[in-house]
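Enquirer: Okay, handing you the structure first.
Bear in mind these aren't lab numbers, they're just calculated from the coordinates by the rules spelled out. In this text the structure is predicted, and so the values were computed from the model without any measurement. No Cβ is skipped: glycine too gets one built from the backbone with ideal geometry, and neighbour counts run over all protein chains shown.
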Amino acid sequence: IQEDLLPDGVHCELSTEYHHLVLKNYLGVLRLATLNQISLPDIIASQIYKALEFSLYVHKPDGFIPALSDADPGCYRDLLRQGYELFGSKTFLYGASQGTQGTPPTSYSKGFSDSGYFVMRSGWGDQQERFENERYLLADCGPLGQGNHGHLDALNVEVAAYGRSLIVDPGRYTYDESGKTNWRAAFRGTAAHNTVLIDGKNQTSYRLGASRFEICGPEPVTEVVTFETQPGFDYLHAVVRSAEYPVIHER
């Protein structure tokens, strides 16, 4: 589990969907161990708890996750409810019920520095706004990730507000590279994401190999300069450098 999940609890492939598929399996292991009174190393429960925290924050106010890297949109609030049942955390129950039960998290926004995901929101429906109407912004300031599921999308953002997704990541769409148009390569490239395309180039060399498109160059290098969060104010400053061009993208 220490290899599978980064220290901040996010799955090493940095796909929001694969994160939840892996989390589902780990929750099953923990549940079976608990039911059969089998003792597990503390690190297992600790990492699963962190993975649940990422799930809590990454879910948009409408109850769905953004489709980042090789991912499709979906709702995994049932895993948060399992987290409440296993850990007794009322913040997981709050997320699972979209604010109708439990206790809201003490922080509206949170940075997951190992994976490079930063989630900012206006609230949890705990003030005057309804849970579903809160404002939400996710910024991807991380590396490509393991397992060849990463997209060339450094400094990509997703935005939701007032019950609607306003700026969305298109996600995986397909693994199929056949056909007149290679939609797999198109959806994985920089141009398909909510970031800056410089000179029409991907953030790293991505071209046809022996049978399919492959990442051939060094990965873009991301750096988070500053992240600050306080009531009513969030500030994130990050940069990405690419071997494909001399320009440095700051956001």
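Enquirer: Can you tell me the orientation of helix 77-87 relative to the chain, as the angle in degrees between its alpha-carbon axis and the longest Cα principal axis, to the nearest 10?
Expert: Taking Cα atoms only, the helix is inclined about 50 degrees.
Enquirer: Highest mean first, what order results for 96-108, 2-14, 56-68 on Cβ atoms within 10 Å?
Expert: The densest-packed peptide leads the list: 56-68, 2-14, 96-108.
Enquirer: Using only Cα atoms and rounding to the nearest 10 degrees, what angle (0 to 90) does helix 16-35 make with the longest principal axis of the chain?
Expert: The angle comes out at about 30 degrees.
Enquirer: Next up: Using the Cα centre as the reference, give the magnitude of the dipole from point charges on the C-beta atoms of the chain (Lys, Arg: +1; Asp, Glu: -1; all else neutral), rounded to the nearest 20 debye.
Expert: For this selection, approximately 420 debye.
Enquirer: Helix-only estimate, please: 222 nm mean residue ellipticity of the chain, summing -39500 (n - 2.57) across DSSP H runs of length 4 or more and dividing by its residues, to the nearest 500.
Expert: After summing the helix terms and dividing by residue count, I get -7500 deg cm²/dmol.
Enquirer: Sorted from largest down, what three extents in whole angstroms do the Cα atoms of the chain have along their principal axes?
Expert: Largest first, the chain extends 51, 43, 33 Å along its Cα principal axes.
Enquirer: Can you run phi through the Karplus equation (6.51, -1.76, 1.60; θ = phi - 60°) for the stretch 143-158 and list ³J(HN,Hα) in whole Hz, with x for Gly and Pro?
Expert: x, 5, x, 8, x, 6, 10, x, 10, 8, 10, 4, 6, 5, 10, 10
Enquirer: Another one. Please list, in chain and number order, the residues 5+ apart from Glu214 or on another chain whose amide H is under 5 Å from its amide H, with Hs placed from the backbone.
Expert: The list, which skips near neighbours in sequence, is Arg207, Leu208, Gly209.
Enquirer: While we're here: What is the packing order of peptides 148-159, 16-27, 200-211, taking the mean over residues of other C-beta atoms within 10 Å and listing the highest first?
Expert: Ranked by mean Cβ neighbours within 10 Å, highest first: 148-159, 16-27, 200-211.
Enquirer: What relative contact order, as a whole-number percentage, does the chain give when Cα pairs under 8 Å and 6 or more residues apart are counted?
Expert: This gives 15 percent for the chain.
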